[in-house]
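Enquirer: What follows is a single structure, and I will ask about it in a moment.
The values are calculated or read from the model by the stated rules, or taken from the named source; none is laboratory data. All values reported here derive from a predicted model rather than from experimental measurement. Cβ placement follows ideal geometry from the backbone for every residue including glycine, while neighbour counts extend to all protein chains displayed. Surface areas here come from the heavy atoms of the whole protein model, side chains and all, with no ligands, DNA or RNA. Shrake-Rupley method; radii C 1.70, N 1.55, O 1.52, S 1.80 Å.
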Amino acid sequence: MTIRGTHTDVLIIGAGPTGLALALDLARHGVAALPVERGTELFPGSRGKGLQPRTLEVLDDFGVLDRVREVAGQYPPNLFWKDGEPQGERRMYEPTEPSEAEPYTETLMLPQWLTQRVLYGRLRELGGEVAFGRELVGLSQDEEGVTAEFATGAPVRARYLVAADGGRSTVRRLLGIGMTGETVDPSPMLVADVRVTGLDREHWHVFQADEGVLAICPLGGTEDFQLVAAFPEGAAVDLTLDGLRKVVAARSHLTADQVTELRWISEFRPRAALADRFREGRVFLAGDSAHVHSPAGGQGLNTSVQDAYNLAWKLAAVLAGRADAALLDTYEEERRANAAAMLALSTRVHRGEERRGRATQQLGLGYRESSLAVDTRPDLPEDALRAGDRAPDGRRGGTRLFDAFRGPHWTLLTVGTDAPLPALAAPVVRIPAYQAYGTGVFLVRPDGYLGWAGRTADGLADYAARQGILAD
């Protein structure tokens, strides 16, 4: 892509799932955003492959869930092998029945490169594009914006910049922002996308050998398998096809020549680390540049998409002049605490201290402690829905709530009440009584969380004015 001009509202460094989700969401808000990628194409590997239920809700809002379902697969049960003989099965995720309030409860498997392709396709439909071959080498900022310098090509001036450039973030390094964390496992691991013969695609095959564990998992939407192998601490890992074949032959009943093709490979050491801050002036950190997870919990990519979903509407509101720039302070306030919780969860799963279940679905995450969460109802029951919680789905009076929420707007929802309402720049949805909400008035944020809640609309106008959605 040739960059036309050198100015944009939001410059996004990195076009992985985080950067693409942010660019896509900003495009829905009508914001001029430019994602740049130092590579010549989108990342080609599987890496993050699990899509949690809360992420499926985001993809529904983006209008791409059907496309994801067309190519994604279910998580297959683990099939354990020893000495060439199957030893039994175990499911990685305990199945959870969907409900009216939570219609998506399965975890889907889709290799990262396919998730990126879906997001990129939607971004292009909305008029966006990625500038490839643009490696960031320097940045500076002032009160008006940020200037980014690249190894080749002209500099770009933006009102805001978002680092979505991964765990080895150049932006984070240039800003001098540290990361605090720990090595979850000192043992090196390799992950690769391969073609293999002689294994069924209905199981995640796990081989337990003296040399170490080998896991081979079919990747939905492809003919590939993802292969993961652990090595002793200090071991040198051979990242060639021949090296990979030797590992497979030594640890499984497969022969070397049954690994027919190596499509992508990488080495890593599981760690958990959190950026000391998510913002420096007009620059924000999102995704792996802000938090690095063990892959065991299936939280990294999903937490990253939630970062983008949280930040996009806030940037859009400030850029449009509807909200005060102080709104952007709530990004770190909300997302850093959330990322810390997910890092701890990923580490517990990696160490076998917690099974994948309700917590890994991310449906229970919210922002009750946020300064944006205002609930005027006293003496609520312990299990009551509160401001800051995820807004449940449901069908009442011919209305599906997720359909009403879909899009980059706030939604004013009344449940079981005819309370008078202030005039807001937000669609109004009235439904009869619904247990998931209780009775009252609710203002749903563009990212699907309750910003304000009350039994009546008293005080709502003041809140809406601060968010820039009070009608003129």
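Enquirer: Picking from Glu85, Glu100, which residue would you name as being at pLDDT 95 or above, of a type in the set (Asp, Glu) and surrounded by fewer than 19 Cβ atoms within 10 Å (Cβ to Cβ)?
Expert: Glu100
Enquirer: Then there's this: Given (1) among the hydroxyl-bearing types (Ser, Thr, Tyr); (2) crowded, with 23+ Cβ neighbours inside 10 Å; (3) within 17 Å of Ile177 (Cα to Cα), identify the lone condition not met by Tyr331.
Expert: In the conditions (1) among the hydroxyl-bearing types (Ser, Thr, Tyr); (2) crowded, with 23+ Cβ neighbours inside 10 Å; (3) within 17 Å of Ile177 (Cα to Cα), Tyr331 misses (2) alone.
Enquirer: If you take the residues of the stretch 271-302 that are over 14 Å from Gln112 (Cβ atoms) and part of a helix (DSSP H, G or I), which of them is most open to solvent (accessible area, probe 1.4 Å)?
Expert: Result: Ala296.
Enquirer: Okay, next question. Tell me, which residue of the stretch 457-471 that is of a type outside the set (Gly, Ala, Ser) and free of Cβ contacts under 8 Å to residues at least 60 places away in the same chain is most open to solvent (accessible area, probe 1.4 Å)?
Expert: Applying the filter and picking the extreme gives Asp462.
Enquirer: If a residue must be of a type in the set (A, V, I, L, M) and either assigned to a loop (DSSP other than H, G, I, E, B) or farther than 21 Å from Glu106 by Cβ (or both), how many such residues does the stretch 38-64 contain?
Expert: The number of residues fulfilling the criteria is 2.
Table: residues versus (1) within 18 Å of Pro17 (Cβ to Cβ); (2) not in a strand (DSSP E or B).
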position	(1), (2)
Glu149	no, no
Gly153	no, yes
Arg157	no, no
Asp165	yes, yes
Arg168	yes, yes
Arg173	no, yes
Pro186	no, yes
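Enquirer: Follow-up. So, in the stretch 120-150, exactly how many residues are without any contact (Cβ under 8 Å) to a residue 60 or more places away in the chain and either touching a Leu at 6+ places or on another chain (Cβ under 8 Å) or not polar (S, T, N, Q) (or both)?
Expert: Residues in the stretch 120-150 being without any contact (Cβ under 8 Å) to a residue 60 or more places away in the chain and either touching a Leu at 6+ places or on another chain (Cβ under 8 Å) or not polar (S, T, N, Q) (or both): 10 in total.
Enquirer: Give the residue, chosen from Asp60, Asp66, that is modelled with pLDDT of 95 or more, among the acidic types (Asp, Glu) and surrounded by 14 or more Cβ atoms within 10 Å (Cβ to Cβ).
Expert: Only one candidate passes the filter, namely Asp60.
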